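The values are calculated or read from the model by the stated rules, or taken from the named source; none is laboratory data. Bear in mind the structure is a predicted one, so any value in this text is a computation, not a measurement. Every residue, glycine among them, receives a Cβ derived from its backbone with ideal geometry; neighbour counts consider all protein chains shown. Side chains included, ligands, DNA and RNA excluded: accessible areas come from the protein's heavy atoms. Shrake-Rupley method; radii C 1.70, N 1.55, O 1.52, S 1.80 Å.
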Amino acid sequence: MVTWASQLAHDELADPLPQRWLHSQGVAARASSLAPMPGLASDLLHTAAILHDIGYAPRLAITGFHPLDGARFLRDEHGADERLCRLVANHSFALLEAEERGLQEALEAEFPLLEDRLLVDALVYCDMTTMPDGEPTTAQARVAEILSRYGDSSVVGRFIRRAAPEIFAAVERVEVALAQGQPR
């Protein structure tokens, strides 16, 4: 599944959005580093990590909301695993941004949030501790970078300010689990 996902993400992102492709590769590298965590579905995490931003691909941007566009593409064109689609659709507290965009009902109806908190938190950790160029960072620096790129009053700016406490908490839960060598 990871090989398929890597090729698909490369095909959709590498040429039209090379920076997004770098970010996706960095997020996948973070996912690989979490593989030893007990109780973590590491192959599913790695697959979701490389595909989490596929909805940014220009040919896939139907609603303009990349988590939903990406998850629909994976489901409708590739018959992807339901859990994978749900992770992509809800990555990094996307439901809060969906609310800002008037897409909350569609997202919740089509792709309910997974109940596997460790897996959901792990994808947040991977995404929100990776800069656009694929380099590792802190969640605080990543949130600041997003705010500086989009601006405070943009849809993304409003979303990221609302999501920041949840993002920081998810990252902390993963860091604690890593330090303890077990999930929390």
Considering only segment 107-140, state which residues are open to solvent by 30 Å² or more (accessible area, probe 1.4 Å), under 18 Å from R86 (Cβ atoms) and not basic (K, R). E108, A109, E110, P112, L113, E115, D116
Please tell me if R59 is surrounded by 16 or more Cβ atoms within 10 Å (Cβ to Cβ) and more than 19 Å from L34 (Cα to Cα). no
For segment 33-54, does any single residue satisfy the condition of being assigned to a loop (DSSP other than H, G, I, E, B), polar (S, T, N, Q) and in contact (Cβ under 8 Å) with a residue 24 or more places away in the chain? no
Looking at R173, is it at pLDDT 95 or above, open to solvent by 60 Å² or more (accessible area, probe 1.4 Å), out of contact with any Gly (no Cβ under 8 Å at 6 or more places or on another chain) and farther than 23 Å from A29 by Cα? no
Helices (runs of 4 or more DSSP H) wholly inside segment 94-157 that include at least 1 residues being within 13 Å of the chain's Cα centre (by Cα), over 23 Å from S33 (Cβ atoms) and touching a residue at least 60 places away in the same chain (Cβ under 8 Å): 94-101
Hits in segment 87-106 - residues which are on the phi < 0 side of the Ramachandran plot and either in contact with a Phe, Trp or Tyr (Cβ under 6 Å, 6 or more places away or on another chain) or open to solvent by 20 Å² or more (accessible area, probe 1.4 Å) (or both): A89, L95, L96, E97, E99, E100, R101, L103, Q104, E105, A106
Is it true that R72 is over 18 Å from L123 (Cα atoms) and not aromatic (F, W, Y)? yes
Picked from segment 34-49 (must be surrounded by 15 or more Cβ atoms within 10 Å (Cβ to Cβ) and not hydrophobic (A, V, I, L, M, F, W, C)), the residue farthest from the chain's Cα centre (by Cα) is S42
Pairs where the first residue, in segment 70-93, is in a helix (DSSP H, G or I) and the second is open to solvent by 60 Å² or more (accessible area, probe 1.4 Å), C-beta under 6 Å, 6+ apart: C85/R75
Can you pull out every residue in segment 1-32 that is open to solvent by 40 Å² or more (accessible area, probe 1.4 Å) and either among the β-branched types (V, I, T) or modelled with pLDDT under 95 (or both)? M1, T3
